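> Okay, here's the structure, questions in a sec.
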């Protein structure tokens, strides 16, 4: 009636899961090495642009959305610059364009990242860059569970890949081949990767699985055994070693080799994510070998752990099962009663959790921000009032699909909250623009008037400079000394010309004419002899004038830019803000629809998992009830056998007492001389016990006691309060069991609990 409480399906299921997925959760750090390469490579160059540095900081903090927004904004503004070469972002332009695709991949924007990387593959870049882009495209397809497309992208690699991603590329290729069932080729690649420090442990684990799946069982066992014997203080490495040991133990249990499986279970750390399953497996290994007393050691340790764990719940049935196999039925009954209490409590908790999920409290707990501040936030959700018992959802939440759904839901919620804040920011921008308009509009007309006057003077000076420069250029070709005369000299020359003109109409003496000619000759001689020096001086003055004109031009352009900036700071934003507000509201409605769909999917999966666990507990509860009744029956049968034995012994003692009394009465009778004593009892003494008053009284007392015991036992079994009956049963049967171990062998035809 009491069979083993379904441990074998649990172990087979776990083994299949361990072999089917090559450590998807534990290889996540290895998969993210490529994403971290962006920040690592970025730090190799001197940072020239602070905004690009801020985007890298966000990427280091794993806030990929903020990093993508920063880079996209920076790139968009850079493309709209009039003189982009003056912007310091020019130094990081190529790196930023390549980093956007990598960050989009980290944020699981696979479609956008694929487009960006495909553009790189089609661009005019070096083959090394194309190889790295092909590797990242293969990662995208692998994350999307498209191994054939991933292999096609890897086959696009020609020549060598960059050294920083060379090992990751081969490791990815091996995992893709494993997904496609080409385990022999994966084994060859993984053997070459052994010794890579960044992939330590992960290569050996996947190599062991590939060997097992390819049919080389001995090689796979050897590889995983060597990995399981490693020791490390890193929690991730310890979990990897524990998983290897658990995998081998479960594999050998399914193969029917419990003796070989037990050492692998023993190597798993008692404090780790796989300790519960290892303790359960160790107990069943001993149980299959018939050592139920030794199986109780790990099961009793497991029984005291978190009662929501499946392995712990199974141990609640395994412990009394072991006691029943050891014929300690009273202790088995007590433990079955304890298991029933636990199962009932957990079933009530699961029912409340299902109601909580259906009322939307699970999604509300997922949206709470304080949960993100704790590393183990999934477990911390259970402390939030009204939230479901998340310990039952740990295995579900650890699966890749559910993690993807969960991240998508949280990302959608984050985007919705960002949209709300952006809508509020648009109102703030409108207020800011209104303040700027009120400040600048009264000032700009007066400034514009002054600027126009200054601009006219500047234009006049520029025209004079241009005329002067043209004269100098002409004097380099044709000598024109009069152009280099000083003002006084030019005035004197002009006066002498006037006097010369007057002399033509008047009678002037020869002496006066010679004096005029002499003065003109002196001035011309001075201009001719000082022409070169004066031309050089004029050229220098022209250069000084050019520098001053340049300063005026810079001031002019600075004012123009400031004027434009002042105008642009409050004008031209109305249409943009209106369009942005409409787009944000439209995206909010779409986000609400997507969140409802994603949340419904999360709730359905959570409810299915909780209902599955509840059905499992109800099944355990039914088995525990039947096993409890069977333990009571076996304990009562044992008590009745001992009671019958005591009856026989008391009857034998009474018969002996009657025999002794009859013998004494015969000795006191007178006998004739020479009469021989009879050797046999007379016929009337053949049944002295039936006619003896003493024997009748003894039998009557024993019969009454037996009837009272039977009535007490029947009433105890009918009572609903099991613990009281259990205590009575323990008090009545335990001493007898301890004092008479030879008589406790199970009766023939015993059925397993």
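> Considering only the stretch 293-315, how many residues are surrounded by fewer than 21 Cβ atoms within 10 Å (Cβ to Cβ) and in contact (Cβ under 8 Å) with a residue 60 or more places away in the chain?
4
> Let me ask something else. Any residue that is assigned to a helix (DSSP H, G or I), surrounded by 23 or more Cβ atoms within 10 Å (Cβ to Cβ), on the phi < 0 side of the Ramachandran plot and in contact with a helix residue (DSSP H, G or I) (Cβ under 7 Å, 6 or more places away or on another chain) - is there at least one of those in the stretch 192-201?
Looking for residues that are assigned to a helix (DSSP H, G or I), surrounded by 23 or more Cβ atoms within 10 Å (Cβ to Cβ), on the phi < 0 side of the Ramachandran plot and in contact with a helix residue (DSSP H, G or I) (Cβ under 7 Å, 6 or more places away or on another chain), one finds none in the stretch 192-201, hence no.
> Now for a different question. Of the conditions (1) in contact with a helix residue (DSSP H, G or I) (Cβ under 6 Å, 6 or more places away or on another chain); (2) under 29 Å from residue 398 (Cα atoms); (3) surrounded by fewer than 24 Cβ atoms within 10 Å (Cβ to Cβ); (4) at pLDDT 90 or above, residue 263 clears all except one; give me its number.
(1)
> Could you give every pair whose Cβ atoms fall below 7 Å, whose first residue belongs to the stretch 149-165 and is closer than 10 Å to residue 176 by Cβ, and whose second residue is surrounded by fewer than 18 Cβ atoms within 10 Å (Cβ to Cβ), counting only separations of at least 6 or pairs across chains?
151/180
> Within the group 565, 624, 582, which residue is on the phi < 0 side of the Ramachandran plot and either crowded, with 16+ Cβ neighbours inside 10 Å or in contact with a strand residue (DSSP E or B) (Cβ under 8 Å, 6 or more places away or on another chain) (or both)?
624
> Which of the helices (runs of 4 or more DSSP H) contained wholly in the stretch 1-117 include at least 2 residues that are at pLDDT below 75, in contact with a helix residue (DSSP H, G or I) (Cβ under 8 Å, 6 or more places away or on another chain) and at negative phi?
7-20, 28-31, 33-42, 93-106
> Then there's this: Look at residue 131 and say whether it is closer than 25 Å to residue 195 by Cβ, surrounded by 15 or more Cβ atoms within 10 Å (Cβ to Cβ) and more than 21 Å from the chain's Cα centre (by Cα).
Answer is yes for this residue.
> Kindly indicate which of 623, 585 is touching a residue at least 12 places away in the same chain (Cβ under 8 Å) and farther than 30 Å from residue 361 by Cβ.
That would be 623, the only listed residue that is touching a residue at least 12 places away in the same chain (Cβ under 8 Å) and farther than 30 Å from residue 361 by Cβ.
> Further question: Of the residues that make up the stretch 123-140, is at least one in contact with a helix residue (DSSP H, G or I) (Cβ under 9 Å, 6 or more places away or on another chain) and over 26 Å from residue 174 (Cβ atoms)?
Yes: one or more hits.
> List every residue pair whose Cβ atoms lie under 6 Å apart, where the two residues are 6 or more positions apart in sequence or sit on different chains, the first residue falls within the stretch 274-292 and is within 13 Å of residue 257 (Cβ to Cβ), and the second residue, located anywhere, is part of a helix (DSSP H, G or I).
Pairs found: 281/249; 281/265; 284/7; 285/258; 285/261; 285/262; 288/258; 289/258.
> Pick from 629, 635: which is farther than 30 Å from residue 359 by Cβ, in a helix (DSSP H, G or I) and under 51 Å from the mean Cα position of the chain (by Cα)?
Selected residue: 629, the only one of 629, 635 that is farther than 30 Å from residue 359 by Cβ, in a helix (DSSP H, G or I) and under 51 Å from the mean Cα position of the chain (by Cα).
> Select from the stretch 222-261 the residues that are under 29 Å from the mean Cα position of the chain (by Cα), part of a helix (DSSP H, G or I) and over 19 Å from residue 194 (Cβ atoms) and list them in ascending order.
Passing the criteria: 235, 238, 239, 242, 245, 246, 249, 250, 251.
> Scan (1) assigned to a helix (DSSP H, G or I); (2) buried (at least 18 other Cβ atoms within 10 Å of the Cβ) for the single condition residue 185 breaks and write down its number.
(2)
> Additional query: Restricting attention to the stretch 91-114, report how many residues are free of Cβ contacts under 8 Å to residues at least 40 places away in the same chain and over 20 Å from residue 138 (Cα atoms).
2
> Can you tell me which residue among 464, 420, 430 is surrounded by fewer than 17 Cβ atoms within 10 Å (Cβ to Cβ) and modelled with pLDDT under 85?
It is 464.
> Moving on. When you check residue 219 against the structure, is it surrounded by fewer than 19 Cβ atoms within 10 Å (Cβ to Cβ), assigned to a loop (DSSP other than H, G, I, E, B) and out of contact with any strand residue (DSSP E or B) (no Cβ under 6 Å at 6 or more places or on another chain), yes or no?
No; evaluated as a whole, the condition is false for this residue.
> Here are the criteria: (1) without any contact (Cβ under 8 Å) to a residue 24 or more places away in the chain; (2) on the phi > 0 side of the Ramachandran plot. Tell me which single one residue 327 does not satisfy.
(1) is the only condition that residue 327 fails.
> Let me ask something else about it. List pairs: first residue in the stretch 347-367 and more than 17 Å from residue 595 (Cβ to Cβ), second residue modelled with pLDDT under 85 and crowded, with 16+ Cβ neighbours inside 10 Å anywhere in the structure, Cβ distance under 6 angstrom, at least six positions apart or on different chains.
349/389; 353/388; 353/389; 356/388
> Can you pull out every residue in the stretch 518-552 that is in contact (Cβ under 8 Å) with a residue 60 or more places away in the chain and under 30 Å from residue 443 (Cβ atoms)?
Across the stretch 518-552, the qualifying residues are 549, 552.
> Based on what the data block shows, is residue 205 touching a residue at least 40 places away in the same chain (Cβ under 8 Å), within 30 Å of residue 311 (Cβ to Cβ) and under 27 Å from the mean Cα position of the chain (by Cα)?
Against the criterion (touching a residue at least 40 places away in the same chain (Cβ under 8 Å), within 30 Å of residue 311 (Cβ to Cβ) and under 27 Å from the mean Cα position of the chain (by Cα)), residue 205 qualifies.
> Now a separate question. Given the criterion in contact with a helix residue (DSSP H, G or I) (Cβ under 8 Å, 6 or more places away or on another chain), assigned to a helix (DSSP H, G or I) and more than 15 Å from residue 524 (Cβ to Cβ), identify the matching residue among 475, 492.
475
The values are calculated or read from the model by the stated rules, or taken from the named source; none is laboratory data. Note that the structure is a prediction, hence the values are computed from the model and not measured. Counting neighbours? That spans all protein chains shown, and the Cβs are built from the backbone with ideal geometry, glycine included.
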